[in-house]
């Protein structure tokens, strides 16, 4: 996912200071609900969103074989469902899409399946293991006929640290990718599981190496607490780190998802630095079982980060606005 306006020095300074020492408490404002015009495909199972800017975005559901375009009307707080963009032709099982990111270079959306075994039966459905590259034209519109598939599961299976978790279900703390972000030709994959010793994992991989079949993963352990994994992540502009959406991992020792308070915003400055908890999300008013699954960032400035949270469970994802205001640097 990509910001719509560039972060300024003030926000970068505040976030960097927050990572180094306590400079006060972030203000997390749970805003107003957004409306959806039309129906999003498998809209009770939304799992992510991304945008190249302007009034267009791409949303994904973990129950489809396609992504879907949406239009954004900020003044009316309305999202309008657009056409679906197939990623694989023909009929088949769901792709279990869990993460989507918009990269300026190469100019394309990247979309990733969970790589997870099914919770019932512990079977790997054949199309969950892909990473997709979906090019866009100069307007940011997806070029559906130019989709590239990358066998991400093969890359992960060759990783000695991940291999013990490849053949376990998510309920057993097995591998489960939930978030995707990109910066300067590198993809960052947020893992809901495994969670080890209170630490979640973010993987990093170079896009050019993925496309050439030569990729390997960098590992970044993030201390979020026992039973808490990464549900989504977003690369902030001007190298100001990453905004993380953390929530129940669902694995061994995990917490049962319930109200929005189970989900939190965190800031991670990047490799080599610890993450900082910013505060909890508000509860989604529509359902106690609404699970925060995806973020769409609408704007950044020196005083705020503003966006939308999408949920798994309610109709059309129950999109809800939020605003984060950093403390003033000392």
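The values are calculated or read from the model by the stated rules, or taken from the named source; none is laboratory data. Since the model is a prediction, treat every value here as computed from it, not as a measurement. In this analysis, Cβ positions are derived from the backbone assuming ideal geometry, glycine residues included, and neighbour counts consider all displayed protein chains.
Computed quantities for the displayed model
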| quantity | calculated |
| --- | --- |
| Enumerated strands (runs of 3 or more DSSP E) restricted to the range 33-76, each holding at least 3 residues that are at pLDDT 95 or above and buried (at least 20 other Cβ atoms within 10 Å of the Cβ) | 46-53, 56-61, 66-73 |
| Any chance residue 284 is crowded, with 18+ Cβ neighbours inside 10 Å, within 25 Å of residue 36 (Cα to Cα) and without any contact (Cβ under 8 Å) to a residue 40 or more places away in the chain | yes |
| Check on residue 98, modelled with pLDDT under 95 and within 17 Å of residue 152 (Cβ to Cβ) | no |
| Cross-chain or 6+ apart pairs with Cβ under 7 Å, the range 184-200 first and farther than 20 Å from residue 245 by Cβ, then in a loop (DSSP other than H, G, I, E, B) | 185/105 |
| Checking residue 236 against (1) within 18 Å of the chain's Cα centre (by Cα); (2) modelled with pLDDT of 95 or more; (3) over 18 Å from residue 47 (Cβ atoms), the condition it does not meet | (2) |
| Test: residue in the range 78-93 that is more than 23 Å from residue 309 (Cα to Cα) and either buried (at least 17 other Cβ atoms within 10 Å of the Cβ) or within 16 Å of the chain's Cα centre (by Cα) (or both) | yes |
| Residue 171 vs. criteria out of contact with any helix residue (DSSP H, G or I) (no Cβ under 7 Å at 6 or more places or on another chain) and either surrounded by 15 or more Cβ atoms within 10 Å (Cβ to Cβ) or without any contact (Cβ under 8 Å) to a residue 40 or more places away in the chain (or both) | yes |
| Residue check, residue 152 modelled with pLDDT of 95 or more and touching a helix residue (DSSP H, G or I) at 6+ places or on another chain (Cβ under 8 Å) | yes |
| Some residue of the range 95-103 being surrounded by fewer than 23 Cβ atoms within 10 Å (Cβ to Cβ), in a loop (DSSP other than H, G, I, E, B) and under 21 Å from the mean Cα position of the chain (by Cα) | no |
| Criterion (more than 25 Å from residue 85 (Cα to Cα) and surrounded by fewer than 20 Cβ atoms within 10 Å (Cβ to Cβ)) met by exactly one of 199, 138 | 199 |
| Tally of residues being farther than 14 Å from residue 69 by Cα and not in a loop (DSSP other than H, G, I, E, B) across the range 136-163 | 13 |
| Residues being within 21 Å of the chain's Cα centre (by Cα) and surrounded by 17 or more Cβ atoms within 10 Å (Cβ to Cβ) - total across the range 123-135 | 8 |
| Residue 222 over 16 Å from residue 112 (Cβ atoms) and modelled with pLDDT of 95 or more | yes |
